[in-house]
Amino acid sequence: MTSPNSAFIAACRGEAHDHTPVWFMRQAGRSLPEYRAIRGEGSILDAIRKPEVAAEITMQPVRRYGVDAAILYSDIVVPVAAIGFGVDVAPGTGPVTERPFRSTADLDRLRPLEPELDIPYVLETVKILNDELDVPVIGFAGAPFTIASYLIEGGPSRTHARTKALMYGEPALWHALLDRLADLAIATLRAQVAAGAAAVQLFDSWVGELSAPDYTEFVLPASRKVFAGIADLGVPRIHFGVGTGELLELMLAAGADVLGVDWRVPLDAARERVGDSVTLQGNLDPAVCLAEWSVVEPRAVDVLRRAGGGSRHIFNLGHGVLPETDPAVLGRLVELVHSFS
C-alpha cells in the first residue's frame, strides 16, 4: 500500500514534503538487464497480458533505484487493442494499425471499453502492485490526439500529415473520433484508480506537432473532457507532451494538477508561463544520461535549481529513458536528487 507520507503525492498536491521526489518515464524496462531477462520476445502487449510479469517489471526499477513512484508497465494503445481495433506494438517500430482510421464507418470499430472484460490483466497488475509496493502506482492512458494519430497514420509518423488532413478537412469526424477516444481514456483511468493507482498521467506525446490555435480548436475539448471525467476520483492528474513549450498554458487549462515539461523548456521559464498553482515535472534531457557522470551531475543540479525548490517539483526526464542508458547512472541520479533536496 502507498505510504501516507509519499513525497510524490505531496508534491503533486503542492503539500510539504521532505525531499524532491523522482521517477522516470519508461523506467519500467527499457535499460534494465533484469527486464530483458523476463520480458520475452514478441509484442509488448504479450507481456502486458501477464499480470505477474507486468507487475514484476513495474517493480524492478523501484527496487533498483529507490524511485518515489512506480509507473505501470503497460502501453497507451492497450485499450484500443483490447476492443479489437486492430492495433499491435511492433518490436523496434511502435504501435501499428492493421486497418487505419479513414471514415465515419470506422467510428463503429471504437466501441466503449469495458475494463473488467477487456483489460482485466491491467487491473490485476495494478492490484498486485498496490499490495506489494509502498510507493504510489501511477496509472496512465494515451491522450485522444496521440491515439488518434496512431490510428490514422497506421504507425509512427514524422509529419502526422494524414492526421492533420483529417483534422482540417473533416472537423466533425475529427471531433467525433476524439470524443470516443476521450471516453476510452476516462474508462481506462477510472478502472486503474479503482484497482489501486494513486495517480494518473495522460500522455499526449505527439501533440507538440500542433500550433496553439489548432490545439485550442481540435485537442483541448477532448483533453479537458478526460480530466473532468476523472476529477471526482481525487487522485493527482499529470499531463505530459513532447515539444509542447508553446502549449503549456493550454495544456494546463485542460485541468491537470501536474504538468510534465520536456527538456526543451527550462523549468524556470515554464514556471513563468504557467504560474505557481501547478506542480511541474521534469525535465533532464534523456540523452544526457548517456554521458559520463561528470556531465550528468551538473545538468541535473541545474534542473533542480531552475525548479526553484519549494513543494511543486517532481524530478523526471524530459521524455522516456533511452534503452541504451546505463542503469548505474539512473541510480546515482536518484541519490543526487534525494541528497540535493
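Bear in mind that the values in this text are calculations on the coordinates, not laboratory data. All of these numbers come straight from a predicted model, not from anything done at the bench. Here Cβ is always computed from backbone atoms with ideal geometry, including for glycine, and neighbour counts include all displayed protein chains.
Assorted remarks:
- The calculated 222 nm mean residue ellipticity attributable to helices in the chain amounts to -14000 deg cm²/dmol, summing -39500 (n - 2.57) over DSSP H runs of n ≥ 4 and dividing by all residues.
- Largest-first principal axis extents of the Cα set of the range 194-285 (Å): 35, 29, 22
- Note on the range 134-205: the C-alpha convex hull projects to 5.3 nm² when averaged across all orientations.
- log10 of Debye I(q)/I(0), alpha-carbon scatterers only, for the range 34-131 at 0.22, 0.23, 0.24 Å⁻¹: -1.16, -1.22, -1.28
- Of every Cα-Cα pair in the range 171-215, the percent that sits beyond 14 Å: 65 percent
- Partners of Lys225 within straight-line reach, counting aspartates and glutamates whose Cα lies under 19 Å from its Cα and excluding those fewer than 8 residues away in the same chain: Glu114, Asp179, Asp183, Asp204, Asp214, Glu217, Glu249, Asp257.
- Dimensionless Rg over Rh [the range 105-247; C-alpha; Kirkwood]: 0.99
- Where labels lie 7 Å past Cα in the beta-carbon direction, separation of Arg264 and Arg102 in nm: 3.2 nm
- Spin-label proximity, Ala291 to the range 245-278 - amide N less than 17 Å from point 7 Å beyond Cα toward beta carbon: 263-267
- Taking every Cα-Cα distance in the chain and sorting them into 10 Å bins from zero, the calculated P(r) comes out as 6, 27, 36, 25, 6, 0 percent.
- Lysines whose Cα lies under 22 Å from that of Lys127, excluding same-chain neighbours fewer than 8 positions away: Lys50
- Peptides ranked, highest mean first, by Cβ atoms within 10 Å: ranges 225-235, 124-134: 124-134, 225-235
- With 0.36 nm allotted per residue and the present C-alpha distance subtracted, the Ala212-Arg299 stretch has 28.4 nm of extension available.
- Compared with the alpha-carbon gap, the fully stretched path from Asp134 to Arg273 is longer by 46.6 nm at 0.36 nm per residue.
- Seen against the Cα atoms of the chain and their longest principal axis, helix 293-307 is set at about 80 degrees.
- Extension gain from Ala37 to Ala90, taking 0.36 nm per residue of separation minus the Cα-Cα distance: 17.2 nm
- With the convex hull of the Cα atoms taken as the outline of the range 290-339, the averaged projected area works out to 3.6 nm².
- Residues with amide H under 5 Å from that of Ala199, placed H, sequence gap 5 or more: Val137, Gly139
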